[in-house]
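Visitor: Have a look at the structure that comes next, please.
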Amino acid sequence: MKAIVQNGYGDPERVLSLAEVDRPTVNGDDDVLVRIKATSVNTPDWITVAGIPKIMRIAMGLRRPKTPIRGTDVAGVVEQVGPGVTGFAPGDEVFGSTWIGMKSPGTYAEYTIIKASNIAKKPAELSFEDAAASVMSGLTALSAMDQVAKAGPGMHILINGASGGVGTFAVQFAKAAGAEVTGVCGTANVDLVRSLGADHVIDYTADDFTQGAARYDVILDNVVNHPPAMTARALAPGGVLLPNSVGNT
């Protein structure tokens, strides 16, 4: 099968190439072979391609990744199932994640192996592209808003980086839970964030939310473009800061 293979660390143009590799095989009882229709690019993918910070190479592989194919999110069609799989059959349209630590078989390829517990049947009205794009970003946002922030009526929640992968989901989850939502994004994405349900939108090129008078019960910071202590100033008493990026400060 064809796959995008990583042969070192650095610029994608230099270390990634199209190659012919063996198609993965069903070995475990709960393995599912999926013919990939769509996948997505997430932060762990470009971190692994760049190999930065370098200390992570101790786990990933000193000169090149131990697993050469990147990607974890997947949407596709079941080709074959292991003997212990009962919920899926060849022909089923599914989506999910192959992420199992550093042993992920990768999804930038024509086929991948995924555990049955890591996939679900794709709703018919959902495209393969939308399904693949929803997995890591969607689950991260859901965990932040539902399990950690416990978003609900009466809460004021600010999402920094509201137009990104996690941010767009977080705005919708927080608003659906009944919270008052403020999204922070660039000028070009103000209308997008507002269309997702944000009650207030701050254009970071014009205003700095850390310097404003508003206070928030929860700040989900997908950018970390301010020192955490500065961002925390915008929290209400007892508020929670959820950083979701390595940032640049």
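Visitor: Can you name the residue in region 18-41 that is among the polar types (S, T, N, Q) and touching a strand residue (DSSP E or B) at 6+ places or on another chain (Cβ under 7 Å) and, of all such residues, is surrounded by the fewest Cβ atoms within 10 Å (Cβ to Cβ)? First the steps, then the outcome.
Guide: Taking region 18-41 as the starting set, the residues that turn out to be among the polar types (S, T, N, Q) are 25, 27, 39-40.
Retained after the next criterion (residues that are touching a strand residue (DSSP E or B) at 6+ places or on another chain (Cβ under 7 Å)): 39-40.
Numbers: Thr39: 26, Ser40: 20.
Among those that are among the polar types (S, T, N, Q) and touching a strand residue (DSSP E or B) at 6+ places or on another chain (Cβ under 7 Å), it is Ser40.
Visitor: Which count do you get for residues in region 71-107 that are surrounded by fewer than 22 Cβ atoms within 10 Å (Cβ to Cβ), closer than 18 Å to Val21 by Cβ and either in contact with a Phe, Trp or Tyr (Cβ under 8 Å, 6 or more places away or on another chain) or at pLDDT 95 or above (or both)?
Guide: The qualifying residues number 2.
Visitor: Would region 70-85 turn up any residue that is among the basic types (Lys, Arg) and out of contact with any helix residue (DSSP H, G or I) (no Cβ under 6 Å at 6 or more places or on another chain)? Spell out the reasoning first.
Guide: Residues of region 70-85 among the basic types (Lys, Arg): 70.
Narrowing further to those that are out of contact with any helix residue (DSSP H, G or I) (no Cβ under 6 Å at 6 or more places or on another chain): none.
For region 70-85, residues among the basic types (Lys, Arg) and out of contact with any helix residue (DSSP H, G or I) (no Cβ under 6 Å at 6 or more places or on another chain): absent.
Visitor: Sort out which residues of region 45-66 are buried (at least 16 other Cβ atoms within 10 Å of the Cβ) and under 25 Å from Val26 (Cβ atoms), and write them in order of number.
Guide: Asp45, Pro65 - these are the residues of region 45-66 that are buried (at least 16 other Cβ atoms within 10 Å of the Cβ) and under 25 Å from Val26 (Cβ atoms).
Visitor: What's the total number of residues in region 201-224 that are within 26 Å of Asp146 (Cβ to Cβ) and either open to solvent by less than 60 Å² (accessible area, probe 1.4 Å) or aliphatic (A, V, I, L, M) (or both)?
Guide: The number of residues fulfilling the criteria is 14.
Visitor: Consider only pairs whose beta carbons are under 7 Å apart and that are at least six residues apart or on different chains; among these, list those whose first residue lies in region 213-237 and is acidic (Asp, Glu) and whose second residue is buried (at least 21 other Cβ atoms within 10 Å of the Cβ).
Guide: That search, which allows pairs on different chains as well, returns Asp217/Ile157; Asp221/Asn160; Asp221/Thr231; Asp221/Asn244.
Visitor: In contact with a Ser or Thr (Cβ under 8 Å, 6 or more places away or on another chain), surrounded by 15 or more Cβ atoms within 10 Å (Cβ to Cβ) and farther than 25 Å from Arg57 by Cα: does that describe Val5?
Guide: It is false that Val5 is in contact with a Ser or Thr (Cβ under 8 Å, 6 or more places away or on another chain), surrounded by 15 or more Cβ atoms within 10 Å (Cβ to Cβ) and farther than 25 Å from Arg57 by Cα.
Visitor: Here's something else I'd like to know. Considering Gly161, Gly152, Gly197, Gly183, which residue is over 14 Å from the mean Cα position of the chain (by Cα), modelled with pLDDT of 95 or more, buried (at least 20 other Cβ atoms within 10 Å of the Cβ) and of a type outside the set (Asp, Glu)?
Guide: Selected residue: Gly183, the only one of Gly161, Gly152, Gly197, Gly183 that is over 14 Å from the mean Cα position of the chain (by Cα), modelled with pLDDT of 95 or more, buried (at least 20 other Cβ atoms within 10 Å of the Cβ) and of a type outside the set (Asp, Glu).
The values are calculated or read from the model by the stated rules, or taken from the named source; none is laboratory data. For clarity, every value in this text was computed on a predicted model and none was experimentally measured. As a convention, Cβ positions derive from the backbone with ideal geometry for all residues, glycine included, and neighbour counts pool all protein chains shown. These area figures cover heavy atoms from the full protein model, side chains too; ligands, DNA and RNA do not enter into them. Shrake-Rupley method; radii C 1.70, N 1.55, O 1.52, S 1.80 Å.
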